[in-house]
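Take a look at the structure set out below.
The values are calculated or read from the model by the stated rules, or taken from the named source; none is laboratory data. Not measured: the values here are computed from a predicted model. So basically every Cβ, Gly included, is an ideal-geometry build from the backbone, and we count neighbours across all protein chains shown. Heavy atoms of the whole protein, side chains included, go into the accessibility calculation; ligands, DNA and RNA do not. Shrake-Rupley method; radii C 1.70, N 1.55, O 1.52, S 1.80 Å.
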Amino acid sequence: MSAVPDVLTHVLIGYVIGMGLSFRYEWVRPAHVTLVMIGALSPDFAKADLFVSDWVVQSLLGIPFSWSPLHTLGGTILVVLLGSLLVAPEYRWHALALVAIGAASHHALDLALMTPTGRTYAVFWPFTERRLPAGGLFLSSDRWPALVAGGLAALVWGIDRYRRDGTDSSIDSRKEAQ
């Protein structure tokens, strides 16, 4: 259960970023916000080993296998590119960019984690094995980052509702004038 606050934090930060983009760019709709949230969660696809262990996949494929590289830049790029193929060609570039933004937010938050070694994981693998100094801001099991992210998400949600109510009332007043 210690991973729950971490996963929730990533998804909520993805929501905040996606909603921020929707405030700035008119073409960003709720489905696009969801793509940012999926992107923010995508590096944690490496946790698939909780359901299907590396050993099971290795014995099925007959080759060495690990889910861990999905939590690196190389794995993220692979997931983003493959995921963009699931979208219609006319929306592919937008989907690719939004999922990549969400995944980048995940890695940025992970760089702020407190680790026993004082170093991060090899986030830029396969480009480099270098491990950056950890930010030391919080543990992945801490609940306060999820509370802060939840507060930001509630604030952004409220701003969105306020903006929609203002837009809806101006549309209604235009209809009444006609």
Q | Of residues in the range 136-166 being basic (Lys, Arg) and in a helix (DSSP H, G or I), the one least open to solvent (accessible area, probe 1.4 Å) | A | Arg161
Q) Can you tell me which residues in the range 75-90 are surrounded by 15 or more Cβ atoms within 10 Å (Cβ to Cβ) and of a type outside the set (A, V, I, L, M, F, W, C)? A) Gly75, Thr76, Gly83, Ser84
Q. Of the conditions (1) among the acidic types (Asp, Glu); (2) farther than 23 Å from Ala146 by Cβ; (3) crowded, with 19+ Cβ neighbours inside 10 Å, Asp54 fails just one. Which one is it?
A. (3)
Q | From Trp125, Trp55, residue being aromatic (Phe, Trp, Tyr) and part of a helix (DSSP H, G or I) | A | Trp55
Q: Please tell me if Ser59 is of a type in the set (Gly, Ala, Ser) and surrounded by fewer than 16 Cβ atoms within 10 Å (Cβ to Cβ).
A: yes
**Q.** Filter result (in a loop (DSSP other than H, G, I, E, B) and open to solvent by 50 Å² or more (accessible area, probe 1.4 Å)) within the range 91-117
**A.** Met114, Pro116, Thr117
Q) Applying the selection to the range 1-51, what residues are farther than 20 Å from Arg92 by Cα, without any contact (Cβ under 8 Å) to a residue 24 or more places away in the chain and open to solvent by less than 50 Å² (accessible area, probe 1.4 Å)? A) Ala48
Q: Can you tell me which residue among Ser105, Ser84, Ser68 is in contact with a helix residue (DSSP H, G or I) (Cβ under 7 Å, 6 or more places away or on another chain) and within 26 Å of Ser53 (Cβ to Cβ)?
A: Ser68
